[in-house]
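Everything on this sheet refers to the single structure shown next.
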Amino acid sequence: MIISPLQKQRLQYNPKLPGMLRHGIKEISVKEGEETRSVADQEKIAALFPNTYGKKEITFEKGENTSPAKKQVVGVILSGGQAPGGHNVVCGLYDALKATDKENVLFGFKGGPSGLLEDDYLIFDDEYIDQFRNTGGFDIIGSGRTKLETEEQFAVAAEVCKKHGITAIVIIGGDDSNTNAAVLAEYFAAHETGVQVIGCPKTIDGDLKNEDIECSFGFDTATKTYSELIGNIERDANSAKKYWHFVKVMGRSASHVALECALETQPNICLVSEEVAEKKMSLAQISNYIADSVAARAAKGWNFGVAIIPEGVVEFVPEFSVLIKEINELLAGEKAQEFNALASWKEKYAFIENGLTKESMAVFAILPETIQQQLFLERDPHGNVQVSLIESEKLFSALVKANLDERKKNGTYKGKFSPLHHFFGYEGRCAFPSNFDADYCYSLGYNAFMLIQYGYNGYLSKISNLSKPAEEWVAGGMPITKMMNMERRHGEDKPVIRKALVELDGKPFKYFEAHREQWAAETCYLYPGAIQYYGPDEVCNLTTRTLALEKGE
């Protein structure tokens, strides 16, 4: 097999572990902390999880290993979208398992949770797993988005585990996947299967975080990858001096990715969805805000700039959110067939005009025709608008152009506005993990096995103190139920892990808020460059600006 020189070097990299996990398996003891409560809806969550709720947080430290000696047969699942470092979680889990007992076995269920239900697996060995160390992607066993949420699925999972003598399942995923892990853990406990479930926090969106989980894995690498590209675009913009670049980045529910990229590159504009919602900003207000920057820079002879747009920002604009709800209602049931049967856009437009309220039609009418049509593309499985298909970067550049055209008419703007558009998403999901993510993910996997060895169930592998060198990281675990609350999903109240949105009173946003006025008018670009794997600590082991600011560094 031919591999690149960098891949060859990365395969040989030895990830760093937290200090207390470096002593050897026999010298790792456990310290239990306080009992936990869910973040909200305590009575309801406790009632739904009688066997796994209220458990204690734990920390590993140097000391005698008092866990019972037993052969462990563990299954691992990659769930949801890819995130850099996933392979190292599996590698860390495998290495800890084999370091404890060479007879221990690791099953990899293929294609996500469906692999467990379909009994589709491989058994890891050294030769196979060594091909994937410190590499990006989830191709080691593949991933999938099947949800584990029904009694029938749980019963099948229990039978598959029984068939192979599996003692524990590790689910590597985001908030939904770890919610499923918590429910599966409760089922296994209630039915006395003897199978433990451990979760690992993964998502490049950065919204699986709280006072215990400082950062989800993949966020570091993905934002560094996007920031390199944005920095390159900024340098090009500052060289050509004739284009405004509108860059959409991933982040459907939260703007952590956009904010981190802004902190790393200092663009002229960065929208933060949570602020848009808090201030109830309209499309007109947002376009006016961006147009002010365009005009201010044009007055200095700078007809160029860079704006970062979070993927899901339009859902946070109150008037747009109402419009989407009305469109969902307009095309509910048989009405969708009636709409789709219309031959021309003119006929469809008349159908829409007749079905929307006056207020929503006013919003719809100001949208570019391409965006209008995107709102009526194929629906999601629930018959709703697929907001992720809306090219919000093109929407806002079109609205800004219309705003500037009006300013030209009244003589308040004389510049040139030539927009270009970019969407950075898949470019970062499978990138070579940074040293931080390589180390963090390996530690999460190694730590997950320690939770299994000590008999914990329904826990999330937890590595904290992440802004410090890896030697000072703290390893432990927390009950997944601690992160849960009740939310309305598809007409029912469901227990789910609460998504972490950007905190507008948090240090990262406050830093951004204090500097964005200057960035909007001046050219203050930063050029992060490519991720560095070798060299001084300050360039190859640096953490995200978000984490550094949150920790006061």
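The values are calculated or read from the model by the stated rules, or taken from the named source; none is laboratory data. Here the structure is a predicted model, which is why all the values come from computation and not from measurement. Every residue, glycine as well, gets a Cβ built from its backbone with ideal geometry; the counts of neighbours run over all protein chains shown.
Here are a few things to note about the model shown:
- Residue in the range 505-523 that is modelled with pLDDT under 95 and out of contact with any Asp or Glu (no Cβ under 7 Å at 6 or more places or on another chain) present: no
- Extreme residue, surrounded by the fewest Cβ atoms within 10 Å (Cβ to Cβ), among residues of the range 96-130 that are under 26 Å from the mean Cα position of the chain (by Cα) and under 24 Å from Lys8 (Cβ atoms): Ile129
- Among the conditions (1) among the hydrophobic types (A, V, I, L, M, F, W, C); (2) buried (at least 19 other Cβ atoms within 10 Å of the Cβ); (3) in a helix (DSSP H, G or I), Met281 misses just one, which is (3).
- The single condition among (1) of a type outside the set (A, V, I, L, M, F, W, C); (2) in the same structural domain as Asn447 (by TED's automatic domain parsing); (3) over 24 Å from Asp205 (Cβ atoms); (4) touching a strand residue (DSSP E or B) at 6+ places or on another chain (Cβ under 8 Å) that Glu471 does not meet is (4).
- Considering (1) at negative phi; (2) modelled with pLDDT of 95 or more; (3) not hydrophobic (A, V, I, L, M, F, W, C), the lone condition that Ser253 does not fulfil carries the number (2).
- Single residue of the range 62-86 satisfying the filter (within 24 Å of Gly251 (Cβ to Cβ) and in contact with a Cys (Cβ under 8 Å, 6 or more places away or on another chain)) that is surrounded by the fewest Cβ atoms within 10 Å (Cβ to Cβ): Gln82
- Pairs meeting the criteria (first residue in the range 48-77 and part of a strand (DSSP E or B), second residue small (Gly, Ala, Ser) and surrounded by 19 or more Cβ atoms within 10 Å (Cβ to Cβ), beta carbons under 6 Å, at least 6 apart or on different chains) are Ile58/Gly476; Ile58/Gly477; Thr59/Gly476; Phe60/Ala475; Phe60/Gly476; Val74/Ala168; Val76/Gly108.
- When residues of the range 108-150 are limited to those that are in contact (Cβ under 8 Å) with a residue 12 or more places away in the chain and among the hydroxyl-bearing types (Ser, Thr, Tyr), the one nearest to Cys441 (Cα to Cα): Thr135
- Enumeration of residues in the range 18-33 that are out of contact with any Asp or Glu (no Cβ under 6 Å at 6 or more places or on another chain) and within 24 Å of Phe436 (Cβ to Cβ): Pro18, Leu21, Arg22, His23, Ile28
- Among residues of the range 206-231, those that are farther than 13 Å from Val257 by Cβ and surrounded by fewer than 24 Cβ atoms within 10 Å (Cβ to Cβ), counted: 7
- When the residues of the range 368-394 are filtered to those that are assigned to a loop (DSSP other than H, G, I, E, B) and without any contact (Cβ under 8 Å) to a residue 40 or more places away in the chain, the one that is nearest to Glu315 (Cα to Cα) is Gln386.
- Strands (runs of 3 or more DSSP E) wholly inside the range 445-553 containing at least 3 residues that are touching a Lys or Arg at 6+ places or on another chain (Cβ under 8 Å): 474-479, 484-489, 492-497
- The single condition from (1) in a helix (DSSP H, G or I); (2) in contact with a Cys (Cβ under 8 Å, 6 or more places away or on another chain); (3) of a type outside the set (Phe, Trp, Tyr) that Ala307 fails is (1).
- Of the residues making up the range 78-92, just one is aliphatic (A, V, I, L, M) and in a strand (DSSP E or B), namely Leu78.
- Residues (over 17 Å from Ala284 (Cα atoms) and buried (at least 23 other Cβ atoms within 10 Å of the Cβ)) located in the range 296-312: Phe304, Gly305, Val306, Ile308, Pro310, Glu311
- Screening the candidates Glu326, Glu315 for the property of being surrounded by 15 or more Cβ atoms within 10 Å (Cβ to Cβ) and in contact (Cβ under 8 Å) with a residue 60 or more places away in the chain yields one hit, Glu315.
- Selection count where residues are crowded, with 17+ Cβ neighbours inside 10 Å, farther than 19 Å from Arg297 by Cα and out of contact with any strand residue (DSSP E or B) (no Cβ under 8 Å at 6 or more places or on another chain), scope the range 512-528: 1
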